[in-house]
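Report on the structure given below.
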Amino acid sequence: MSAGKLNISFRPKPLSGRQPVRELTTPVTAKTLPQPVPEDLTVRFGEAVSLATDGTWEIQLPAEAAREALEYLGRDRQPVFDYLLDLCGVDYPESFEVVYHLSRPTTAEVVRVRVQLPRRGAKVETVTDLWAGAGWPERELMEMFGIAVEGNPDPRHLLLPEDWKGFPLRK
């Protein structure tokens, strides 16, 4: 090695007898292409359910119907959507929307539930009793958008100081 020049070489160790690492994404096959909306969702939600352009089943609901629908999807339906992928807020000029992405990891089925809320008095009920991981996204929803989440077990600020005024993700 010459002065002033650093020689670094990296050679990965062979896996020798180990199984190769599997892909983390689900390969596109006939089973993973967009599937028609299941009959039970069509019967229960009628025209509120559709197949979105990304292949996800989508249910659009008013706020008063949200909790009952989420209970059905996360607890009563067989098979249930047992994993909450995401919960987020959207700010439109005339209203808010809370979007829940639910999945069944064993089958890669995903449903998106979009809940429309008025700008004044926007609130939803907590879903932490259905999906324990909803606590932090609900806190973010309260803090960033000012959408109340009734029954959240830990309504403290998550990202901003307690004395923060306003809601950073509102338009």
Exercise. Quickly rank 40-49, 145-154 as a protection proxy: mean count of other C-beta atoms within 10 Å, highest first.
Key: 145-154, 40-49
Quiz item: Tell me, what is the FRET efficiency for GLU68 and TYR92 to the nearest 0.05, using R0 = 22 angstrom and their Cβ-Cβ distance as r?
Solution: 0.40
Quiz item: Taking the Cβ-Cβ separation of LEU160 and THR56 as r and a Förster radius of 41 Å, what is the calculated FRET efficiency to the nearest 0.05?
Solution: 0.85
Quiz item: By the scheme Lys and Arg +1, Asp and Glu -1, what is the net charge of all other residues having a beta-carbon under 12 Å from that of LYS171?
Solution: 0
Quiz item: Where Lys and Arg each count +1 and Asp and Glu each count -1, what net charge lies around LEU160 among other residues with Cβ under 11 Å from its Cβ?
Solution: -1
Practice problem: Could you tell me the distance between the Cα centroids of the stretch 99-171 and the stretch 63-97, to the nearest Å? | Solution: 10
Exercise. Can you tell me the order of 64-71, 102-109 when each peptide is scored by its average per-residue count of other Cβ atoms within 10 angstrom, highest first?
Key: 64-71, 102-109
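Read-outs throughout are calculated quantities, based only on the coordinates presented, and are distinct from any laboratory measurement. All of these numbers come straight from a predicted model, not from anything done at the bench. For neighbour counting, all protein chains shown are included, and Cβ atoms are generated from backbone atoms with ideal geometry for every residue, glycine included.
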